[in-house]
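Encoded as structure tokens, the structure appears first; notes follow it.
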Amino acid sequence: MRHLRKVTKLGRTSKHKEALVANLVSSLIQHSRIQTTLAKAKVIRPVAEKLVTLAKGGTLHDRRLAVSRIRNKDAVKKLFAEIGPRFQDRQGGYTRILKLGHRTTDAAKIALIEWVDYQLPGTEANASAAAAATVEEKKAE
């Protein structure tokens, strides 16, 4: 029986899976939203959420733990400078998974994983901020 066993193998060796998860989480941090298979999205979600919790702490030890987990210093800088402070008041649930359907080539389930406060460029929040900026520029002239 496989009761309470939560290991997802993803058809890879353990080192390959570890590298895959590190790369996917690094991409999520850098791009704020990535498209991948549903199984991979479900695997990287807890890793990403634990890294955000580390970034909220912000200590040197937390930073070193994050570097050891994702091995990308640029992503760690962005995680601690932007993403951690952005979710400072939130107590978890930093990511969302949106199911997109099936891939046409192999019928794999595809999903988007993104930060919960992600706004598409050109949406209402961004448009209102841009409008306010243009009003301030006109006042300055």
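The values are calculated or read from the model by the stated rules, or taken from the named source; none is laboratory data. Values in this document were obtained by computation on a predicted structure and should not be read as measured data. Because the Cβ atoms are built from the backbone with ideal geometry, glycine has one as well, and the counts that use them run over all protein chains shown.
Within region 11-26, the set of residues being among the polar types (S, T, N, Q) and either within 11 Å of Val47 (Cα to Cα) or in a loop (DSSP other than H, G, I, E, B) (or both) comprises Thr13, Ser26. Within region 55-68, at least one residue is at pLDDT below 95 and in a loop (DSSP other than H, G, I, E, B).
Inspect all residues belonging to region 12-22 and state whether any of them is of a type outside the set (Gly, Ala, Ser) and within 12 Å of the chain's Cα centre (by Cα). Yes, because at least one residue in region 12-22 is of a type outside the set (Gly, Ala, Ser) and within 12 Å of the chain's Cα centre (by Cα). Please indicate, with yes or no, whether at least one residue in region 3-10 is among the charged types (D, E, K, R) and either assigned to a helix (DSSP H, G or I) or within 20 Å of Gln119 (Cβ to Cβ) (or both). No: region 3-10 contains no residue that is among the charged types (D, E, K, R) and either assigned to a helix (DSSP H, G or I) or within 20 Å of Gln119 (Cβ to Cβ) (or both). Among the residues of region 56-109, those that are aliphatic (A, V, I, L, M), closer than 26 Å to Thr37 by Cα and either over 14 Å from the mean Cα position of the chain (by Cα) or crowded, with 19+ Cβ neighbours inside 10 Å (or both) comprise Ala66, Val67, Ile70, Ala75, Val76, Leu79, Ile83, Leu100, Ala107, Ala108. For region 5-52, a residue qualifies if it is among the hydroxyl-bearing types (Ser, Thr, Tyr) and in contact with a Phe, Trp or Tyr (Cβ under 9 Å, 6 or more places away or on another chain), and exactly one does: Ser32. I'd like the full set of residues that are in a helix (DSSP H, G or I), charged (D, E, K, R) and either under 19 Å from Thr104 (Cα atoms) or within 8 Å of the chain's Cα centre (by Cα) (or both), limited to region 31-46. Within region 31-46, Lys40, Arg45 qualify.
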